[in-house]
1. What angle, in degrees between 0 and 90 and rounded to the nearest 10, separates the Cα long axis of helix A:386-396 from the longest principal axis of the Cα atoms of chain A?
2. Which FRET efficiency, nearest 0.05, do residue A:110 and residue A:68 yield, Cβ-Cβ r, R0 51 Å?
3. Work out how much length residue A:374 to residue A:344 would gain on full extension: take 0.36 nm times their residue separation and subtract the Cα-Cα distance, in nm to one decimal.
4. When you take every Cα atom in the stretch A:4-101, what is the radius of gyration, and what is Dmax, the widest Cα pair distance, in Å?
5. Among the lysines, which fall within straight-line cross-link reach of residue A:131, defined as a Cα-Cα distance under 27 Å, with same-chain neighbours fewer than 8 residues apart omitted?
6. Please report, in debye to the nearest 20, how large the charge dipole of the stretch A:250-409 is about its Cα centre when each Lys and Arg carries +1 at its beta carbon and each Asp and Glu carries -1 there.
7. Give the residues of the stretch A:10-49 whose amide nitrogen is closer than 16 Å to a point set 7 Å from the Cα of residue A:99 in the direction of its Cβ.
8. Set the Förster radius R0 to 25 Å, insert the Cβ-Cβ distance between residue A:19 and residue A:201 as r into 1/(1 + (r/R0)^6), and round the FRET efficiency to 0.05.
Amino acid sequence: MIDLKLLQKDFDGMSAKLIRKGVDLALLEKLKEKSEELKVAKINFETLQALQNSMSKEFGIYKREGKDIGELKAKVDANKIEITKVLDIQREKNQELESMAMAIPNVPDDSVPDGEDENDNVELKKVLTPKEFSYTPKEHWELAEENGWIDFERGVKLATSRFSVSFGMGAKLERALINFMLNFNSDRGFEEVSVPALVNRTALEGTGQLPKFEDDLYKMDGQELFLIPTAEVPVTNLYQDEILSANELPKKMTAYTSCFRKEAGAAGRDTRGMIRQHQFHKVELVALSKPEQSEEIFNEMVSCASDILTALELPHRIVNLCTGDLGFSAAYTTDIEVWLPGQNQYREISSISNTREFQARRAKIRYKDGKKNIMVHTLNGSSLAVGRTLVAIMENYQNEDGTIDIPEVLKPYLGM
RNA sequence: GGACGAGUGGGUGAGCGGUUGAAACCACAUCCCUGCUAAGGAUGCGUAUGGGUAACUGUACCGAGAGUUCGAAUCUCUCCUCGUCCA
C-alpha cells in the first residue's frame, strides 16, 4: 500500500515516480484530497467524542455524589446525535480512501528503466553460452510428445485447455527438479515451509493480488477462498499482522506449491505446450528483512535462482524489468530468462522482486527495533518455475534423434 | 450436523457497567551492583492514528460486526476461530 503520509509530505516527488508507473496524476491528486478530508472528519469526530467521554465521567461523579443529572443528560444526549452524524462521515471517507489507496501500485525504484513492455527490459548479464546445434532443434512440445513425457490432450480431457499431464520420466523429472531446487535453497539458508494452496481475501490483499486482480484468481464457489497464484501469497502472509523481533530477521523461506492462474489477460499467448498453464509447479523464495538488508537479500535470491540454472547447465540471462513490465507490488524486479533453443529465444523462468514495505504495510508485518515498530521489507522470487525448467531441459538437452539427456545434478534424484 | 466452554498486550494470565489501556508473571530494553560457564536490584515497556520542538496529550482498539447505556473488556445479538462432549 502506498504511504499516504509520504504522499502528503512529498506529493511532487512521489507522484512523479508513480506517473512513470502509469498512474494517473488526477487520481493521485484525488487521493491526497481524500486523505485530507478524512483527517478533518477524524478531528471532528474525536473532538466530539472527547467531550462525550469527559461528560460521561462527570456523570459518574454526579451520581456518586447524588447531584442532579437532568441537565447533564440533556447535553450528553444532544452531543450523541452529533457524534453519530460525524462518525458516519468519517467512516465513509475512510472507506473511499482505503479502496482508492489499495488500487495504487508500488512506487518504482529509481533504478527501474522507463519502458512500455518486456521489449524495453534491460539485460544485465548472460550466464553460459547456448550450444550450437548442427540440426534444427525441436520445440519442447514435440519432444515431450515424442518421448511420452507430457500429454497435453489428456490434460484438456480432465480439466480444460492449458492443463497437461506428465508421464514417466517427465513426471519423475518434475519431482526431481522440485527436490533439487528445495534442497538447493535450503543449503542457501532458506527454511523450507509447506503451506495451504487455498487462502482467504485478507492474505491476497496483503500481497497485492486483491482487490485489483480478482479476475485472474480461481475462487471457491460460495466461499471467500482462492487458489493461490503463487506461494508468495501464503508464505509472505505467514507473519501478517505480527510484530517480529529484530533478531528474527532476516527470515528466509522457500516453499514448493502448485500455482493456479486463470491467465485472463493472456488469450492466444503460448497456447501450445506448457509455458503458460492454469496449474503449474513452482518453488518459491520469500524473505522478510530489515529495510537495510533487503538489497543484499535480493541479490542473494537472484544468485540462488541463477545458480540453480547454472547447476543444471542451462544458459540464461538476467534482465532488469522496465516500468511497464513491473508488477503491481514490486519496487524493482529482476527476471531470469532461460535459453530455449527450440524457440530460439530467452523466456522468463524466474521473477525476483523487492516490494520494500509495500506488502508489509498492507499485511501489517513489522519488527521491533528498540522502542519503535518498523515495517519489514518483503521479497519474493521463483527458484524456479518447474514446468518451464523442464521445458528448458528438454530443449537444451535434446539429441538429434529426439532423445533427451538428463542433467548430471538431477541423476541422484532419479536413482541414476 | 448437535451440546457446552473459551477467545484480553510479544507470551502466560487477572479483570465488580464508571480514574482499567487494562493487575500479576514471563520475555524484552536501559541502567546499577557483582564479577565470571550465572545471579540480584532499579526503571521502562501494547498497537494505530491526530496535535505538540519536546515533556505531554486527544481518539480508537480486549476475536469481528452490530446493539443496550450518559458510560461496555465487562450486558444482548450475529458471525468467525479454537477446545471438549455427542451423532
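The values are calculated or read from the model by the stated rules, or taken from the named source; none is laboratory data. The structure displayed is predicted, hence computed values, not measured ones. Cβ atoms come from the backbone with ideal geometry, glycine included; neighbour counts cover every protein chain shown. All accessible areas refer to the heavy atoms of the entire protein, side chains included, with ligands and DNA or RNA removed. Shrake-Rupley method; radii C 1.70, N 1.55, O 1.52, S 1.80 Å.
1. For A:386-396 against chain A, the angle is about 30 degrees.
2. The computed FRET efficiency comes out at 0.15.
3. Working: separation 30, 0.36 × 30 = 10.80 nm, distance 4.66 nm.
6.1 nm is the gain from fully extending residue A:374 to residue A:344.
4. Rg and Dmax of the stretch A:4-101, Cα atoms, are 20.3, 67 Å.
5. In chain and number order, the partners are A:172, A:282, A:411.
6. Approximately 1360 debye in magnitude.
7. Answer for this model: A:31, A:34-35.
8. Numbers: r = 30 Å, r/R0 = 1.19.
The computed FRET efficiency comes out at 0.25.
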